[in-house]
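So the structure is just underneath, and the comments pick up after that.
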Amino acid sequence: MRIVYHLGAHCTDDERLIRCLWKNRASLGQQGIVVPGPTRYRALLRDTAITLKGRPASRDTQALVLDQIMDEDRADRLILSWDNFLSYPQWVIRDRRLYPAAGERIRAFTQIFPEIEAEFHLSIRNMSSFLPALFSKQRGKPYEEFIGTADPRLLSWSRMVEEIRTLNPEAPLTIWCDEDTPLIWPDVLQTVSGHAPDTILTETDELLASLMPPEGLARLNAYLASNPPASVVQRRRIVSAFLDKFALPDEIETEIEMPGWDEALIAELDESYRRDIARIRSMEGVTFLSA
């Protein structure tokens, strides 16, 4: 068995991935892919990791935890998704760093099942939109307290990924940009679940439905049905063309309002993001999904 950890990050997925896989759990289950309900494992894994304090769990503990997570006797892949695997939102920025405890937390969770292979999946997002979205989740916390002494230009996804890889070197990590997700959504679902390429998943339109009006989505689906894409690349081009024509402006072009930010800072964040992506692409043990 292999345990698949979908790590978020915050303000990228909004639970869409696990909702879609959960709705398709019956067909995925026929392929040995188990998708338990999140309420069965999130608090359980958190409490177990705290109790273990970084130590590997015994076989009895592993069996007990698995018995509470899944009803099946066996599985080829067990899908676990939680953006708080990396951190709770209020602690994402600490000590002038992004997710400074991510590597240690992931190591602690995987120690619950030290004898089972693991793999990680993560979506990242440009700081120019990620930080405003994360700030909006802070329940009234002032910006100065939210950002602390951190410089937004120096917050780095690549540093976080390096730390996860250092503490979990045997587990492969797949990463994609949240901005590309609408174009590569079928690839993301297939990569995380590991289902056979010819598997037909249902109710996969939630993301696109949030980006375009119903008539635009209906026309896209009608076009795809009558003109099946010959390749993944062709499908991405079709979706991109329909988004160009039908996308809801408020969903695609968000206005950035953060205290003390100006256009020059946003431009620097955009450039830092491009450099971060280039570094991550070159890392050993990392697969990068591109649009």
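The values are calculated or read from the model by the stated rules, or taken from the named source; none is laboratory data. All of these numbers come straight from a predicted model, not from anything done at the bench. Every residue, glycine as well, gets a Cβ built from its backbone with ideal geometry; the counts of neighbours run over all protein chains shown.
Criterion applied to ASP47, ASP73 was being at pLDDT 95 or above, of a type in the set (D, E, K, R) and over 18 Å from the mean Cα position of the chain (by Cα), and the one residue passing it is ASP47. Among the numbered conditions (1) modelled with pLDDT under 95; (2) more than 25 Å from the chain's Cα centre (by Cα), the only one that ASP205 does not meet is (2).
So which helices (runs of 4 or more DSSP H) stay within the range 35-124 end to end and still have 2 or more residues that are aliphatic (A, V, I, L, M) and over 30 Å from ASP276 (Cα atoms)? Walk me through it before giving the result.
Numbers: elements: 42-52, 59-69, 102-110.
Here the list reads 42-52, 59-69.
The number of residues in the range 149-179 being touching a His at 6+ places or on another chain (Cβ under 9 Å) and more than 30 Å from ASP262 (Cβ to Cβ) comes to 2.
Residue count for the range 191-249, restricted to those that are buried (at least 17 other Cβ atoms within 10 Å of the Cβ) and charged (D, E, K, R): 2. The condition (being within 30 Å of ILE200 (Cβ to Cβ) and touching a residue at least 12 places away in the same chain (Cβ under 8 Å)) is satisfied by just one residue among ARG74, ARG59: ARG74. Checking each residue in the range 13-33 for being surrounded by fewer than 21 Cβ atoms within 10 Å (Cβ to Cβ) and among the charged types (D, E, K, R) picks out ASP14, GLU15, ARG16, ARG19, LYS23, ARG25.
Name the pairs: first residue in the range 29-42 and within 11 Å of GLN68 (Cβ to Cβ), second residue among the polar types (S, T, N, Q) and surrounded by fewer than 20 Cβ atoms within 10 Å (Cβ to Cβ), Cβ to Cβ under 9 Å, at least 6 apart or on different chains? Between residues of the range 29-42 that are within 11 Å of GLN68 (Cβ to Cβ) and residues that are among the polar types (S, T, N, Q) and surrounded by fewer than 20 Cβ atoms within 10 Å (Cβ to Cβ), the close pairs are ARG40/GLN68; TYR41/GLN68.
Taking the criterion of being assigned to a loop (DSSP other than H, G, I, E, B), touching a strand residue (DSSP E or B) at 6+ places or on another chain (Cβ under 6 Å) and surrounded by fewer than 23 Cβ atoms within 10 Å (Cβ to Cβ), the only residue of the range 2-12 that qualifies is THR12.
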